[in-house]
1. Have a look at 152, 143 and point out the one that is modelled with pLDDT under 95 and either surrounded by 19 or more Cβ atoms within 10 Å (Cβ to Cβ) or within 19 Å of the chain's Cα centre (by Cα) (or both).
2. Are any of the residues in region 121-134 over 23 Å from residue 157 (Cα atoms) and exposed (fewer than 15 other Cβ atoms within 10 Å of the Cβ)?
3. Tell me the residue from 104, 66 that is out of contact with any helix residue (DSSP H, G or I) (no Cβ under 8 Å at 6 or more places or on another chain) and modelled with pLDDT of 85 or more, please.
4. Just to be sure, is residue 83 buried (at least 16 other Cβ atoms within 10 Å of the Cβ), closer than 15 Å to residue 36 by Cα and in contact with a helix residue (DSSP H, G or I) (Cβ under 9 Å, 6 or more places away or on another chain)?
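The values are calculated or read from the model by the stated rules, or taken from the named source; none is laboratory data. This one's a predicted model, so the numbers in the text were calculated from it and none came from an experiment. Note that we place each Cβ from the backbone using ideal geometry, even for glycine, and neighbour counts take in every protein chain shown.
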(Lines give C-alpha, C1' and ligand atoms only; values in the text may rest on other atoms or scores of the structure.)
Protein backbone atom coordinates (compact mmCIF):
# COMPACT_ATOMS: atom_id res chain seq x y z
CA UNK A 1 0.00 0.00 0.00
CA UNK A 2 1.42 3.39 -0.97
CA UNK A 3 0.19 6.37 0.99
CA UNK A 4 1.07 9.79 -0.39
CA UNK A 5 0.31 12.70 1.92
CA UNK A 6 0.96 16.42 1.65
CA UNK A 7 2.30 18.44 4.56
CA UNK A 8 -0.11 20.92 6.13
CA UNK A 9 1.15 24.48 6.56
CA UNK A 10 1.39 24.21 10.37
CA UNK A 11 0.31 20.75 11.45
CA UNK A 12 -0.66 20.40 15.09
CA UNK A 13 2.27 19.20 17.17
CA UNK A 14 4.78 20.14 14.47
CA UNK A 15 8.22 20.21 16.03
CA UNK A 16 10.34 21.05 13.01
CA UNK A 17 11.21 19.31 9.78
CA UNK A 18 13.20 16.10 9.77
CA UNK A 19 15.42 15.61 6.76
CA UNK A 20 14.28 12.62 4.73
CA UNK A 21 17.85 11.33 4.64
CA UNK A 22 18.03 11.15 8.45
CA UNK A 23 16.83 7.55 8.81
CA UNK A 24 17.92 7.34 12.48
CA UNK A 25 15.70 10.31 13.35
CA UNK A 26 12.82 8.69 11.48
CA UNK A 27 13.20 5.51 13.54
CA UNK A 28 12.91 7.69 16.66
CA UNK A 29 9.81 9.45 15.31
CA UNK A 30 8.19 6.09 14.65
CA UNK A 31 8.57 5.22 18.34
CA UNK A 32 5.44 7.41 18.72
CA UNK A 33 3.33 4.95 16.68
CA UNK A 34 1.56 2.68 19.15
CA UNK A 35 -0.01 -0.70 18.52
CA UNK A 36 -3.77 -0.05 18.19
CA UNK A 37 -4.63 -3.16 20.22
CA UNK A 38 -1.96 -2.81 22.94
CA UNK A 39 -1.31 0.96 23.18
CA UNK A 40 1.42 0.55 25.80
CA UNK A 41 3.66 -0.85 23.02
CA UNK A 42 5.09 0.98 20.05
CA UNK A 43 5.23 -0.84 16.73
CA UNK A 44 8.98 -0.87 17.26
CA UNK A 45 8.61 -2.54 20.70
CA UNK A 46 6.32 -5.14 19.15
CA UNK A 47 8.74 -5.88 16.31
CA UNK A 48 6.17 -4.97 13.66
CA UNK A 49 8.33 -2.11 12.39
CA UNK A 50 10.93 -3.93 10.31
CA UNK A 51 12.82 -1.39 8.22
CA UNK A 52 13.10 2.28 7.32
CA UNK A 53 15.01 3.37 4.23
CA UNK A 54 15.39 6.34 1.97
CA UNK A 55 14.82 5.17 -1.58
CA UNK A 56 15.54 7.99 -4.04
CA UNK A 57 14.04 10.60 -1.70
CA UNK A 58 11.02 8.49 -0.71
CA UNK A 59 10.88 7.10 2.81
CA UNK A 60 9.89 3.45 2.68
CA UNK A 61 8.73 1.96 5.97
CA UNK A 62 8.38 -1.82 6.03
CA UNK A 63 6.09 -3.49 8.55
CA UNK A 64 5.19 -7.11 9.25
CA UNK A 65 1.86 -7.53 11.07
CA UNK A 66 1.54 -10.03 13.88
CA UNK A 67 -0.58 -12.13 11.54
CA UNK A 68 -1.67 -11.79 7.93
CA UNK A 69 -5.30 -10.99 8.74
CA UNK A 70 -4.50 -8.34 11.33
CA UNK A 71 -7.53 -6.01 11.57
CA UNK A 72 -5.33 -3.12 12.75
CA UNK A 73 -3.09 -3.09 9.67
CA UNK A 74 -4.75 -0.07 8.02
CA UNK A 75 -4.63 1.90 11.27
CA UNK A 76 -0.91 1.14 11.69
CA UNK A 77 -0.16 2.27 8.13
CA UNK A 78 -2.15 5.50 8.59
CA UNK A 79 -0.52 6.25 11.94
CA UNK A 80 2.97 5.80 10.48
CA UNK A 81 2.15 8.17 7.63
CA UNK A 82 0.58 10.75 9.97
CA UNK A 83 3.63 10.87 12.26
CA UNK A 84 6.04 11.27 9.36
CA UNK A 85 3.90 13.82 7.55
CA UNK A 86 3.49 15.89 10.73
CA UNK A 87 7.28 16.08 10.84
CA UNK A 88 7.80 17.24 7.28
CA UNK A 89 8.28 13.96 5.45
CA UNK A 90 5.84 14.04 2.56
CA UNK A 91 6.92 11.22 0.29
CA UNK A 92 6.12 8.08 2.29
CA UNK A 93 5.43 4.49 1.33
CA UNK A 94 4.32 2.00 3.97
CA UNK A 95 5.07 -1.48 2.72
CA UNK A 96 3.69 -4.66 4.28
CA UNK A 97 5.68 -7.88 4.06
CA UNK A 98 4.41 -11.22 5.34
CA UNK A 99 7.59 -13.23 4.91
CA UNK A 100 9.33 -13.95 7.10
CA UNK A 101 6.27 -14.21 9.31
CA UNK A 102 6.20 -12.15 12.50
CA UNK A 103 7.28 -13.97 15.65
CA UNK A 104 7.16 -13.10 19.33
CA UNK A 105 10.96 -13.31 19.24
CA UNK A 106 10.80 -9.88 17.61
CA UNK A 107 9.26 -8.24 20.70
CA UNK A 108 11.96 -6.18 22.36
CA UNK A 109 13.05 -6.79 25.94
CA UNK A 110 11.61 -3.39 26.81
CA UNK A 111 8.37 -4.37 25.05
CA UNK A 112 8.09 -7.52 27.17
CA UNK A 113 8.62 -5.43 30.31
CA UNK A 114 5.93 -2.98 29.19
CA UNK A 115 3.50 -5.87 28.58
CA UNK A 116 4.06 -7.21 32.08
CA UNK A 117 3.63 -3.76 33.67
CA UNK A 118 0.39 -3.43 31.69
CA UNK A 119 -0.88 -6.72 33.17
CA UNK A 120 -0.26 -8.99 30.18
CA UNK A 121 2.13 -11.89 30.73
CA UNK A 122 4.81 -11.62 28.01
CA UNK A 123 5.63 -14.61 25.81
CA UNK A 124 7.80 -17.14 27.62
CA UNK A 125 10.40 -19.44 26.17
CA UNK A 126 9.04 -22.21 23.98
CA UNK A 127 10.48 -24.74 26.43
CA UNK A 128 7.77 -23.83 28.92
CA UNK A 129 5.03 -25.43 26.81
CA UNK A 130 3.78 -21.98 25.76
CA UNK A 131 2.44 -20.89 29.13
CA UNK A 132 3.26 -17.86 31.27
CA UNK A 133 6.30 -18.01 33.53
CA UNK A 134 4.44 -16.06 36.22
CA UNK A 135 1.38 -13.97 36.96
CA UNK A 136 2.07 -10.37 35.82
CA UNK A 137 0.12 -9.08 38.82
CA UNK A 138 1.70 -10.93 41.78
CA UNK A 139 4.61 -12.85 40.18
CA UNK A 140 3.32 -16.26 41.28
CA UNK A 141 4.25 -19.17 39.03
CA UNK A 142 1.02 -21.00 39.94
CA UNK A 143 -1.33 -20.27 37.04
CA UNK A 144 -4.18 -22.12 35.32
CA UNK A 145 -5.44 -21.89 31.76
CA UNK A 146 -8.97 -20.48 31.46
CA UNK A 147 -9.21 -20.26 27.66
CA UNK A 148 -6.85 -20.89 24.74
CA UNK A 149 -8.01 -17.57 23.25
CA UNK A 150 -8.24 -14.14 24.79
CA UNK A 151 -9.23 -10.81 23.24
CA UNK A 152 -7.11 -11.69 20.20
CA UNK A 153 -5.94 -14.99 18.75
CA UNK A 154 -2.38 -14.31 19.94
CA UNK A 155 -3.43 -14.22 23.60
CA UNK A 156 -4.72 -16.85 26.03
CA UNK A 157 -6.58 -16.27 29.29
CA UNK A 158 -5.08 -17.50 32.54
CA UNK A 159 -5.94 -17.22 36.20
CA UNK A 160 -3.43 -16.94 39.01
CA UNK A 161 -3.94 -19.69 41.57
CA UNK A 162 -2.56 -17.44 44.32
CA UNK A 163 -4.05 -13.95 43.78
CA UNK A 164 -7.08 -15.39 41.88
CA UNK A 165 -6.90 -12.63 39.25
CA UNK A 166 -7.32 -13.45 35.58
CA UNK A 167 -4.85 -12.13 33.04
CA UNK A 168 -3.90 -12.38 29.39
CA UNK A 169 -0.84 -14.26 28.24
CA UNK A 170 0.80 -13.26 24.94
CA UNK A 171 1.41 -16.68 23.38
CA UNK A 172 4.71 -17.67 21.79
CA UNK A 173 4.28 -17.54 18.04
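1. Working: 143 fails: modelled with pLDDT under 95.
Just one listed residue meets the conditions, 152.
2. Restricting attention to region 121-134, the residues satisfying the condition of being over 23 Å from residue 157 (Cα atoms) are none.
No, region 121-134 contains no residue that is over 23 Å from residue 157 (Cα atoms) and exposed (fewer than 15 other Cβ atoms within 10 Å of the Cβ).
3. Working: 66 fails: out of contact with any helix residue (DSSP H, G or I) (no Cβ under 8 Å at 6 or more places or on another chain).
On inspection, the qualifying residue turns out to be 104.
4. On the way: buried (at least 16 other Cβ atoms within 10 Å of the Cβ): yes; closer than 15 Å to residue 36 by Cα: yes; in contact with a helix residue (DSSP H, G or I) (Cβ under 9 Å, 6 or more places away or on another chain): yes.
Against the criterion (buried (at least 16 other Cβ atoms within 10 Å of the Cβ), closer than 15 Å to residue 36 by Cα and in contact with a helix residue (DSSP H, G or I) (Cβ under 9 Å, 6 or more places away or on another chain)), residue 83 qualifies.
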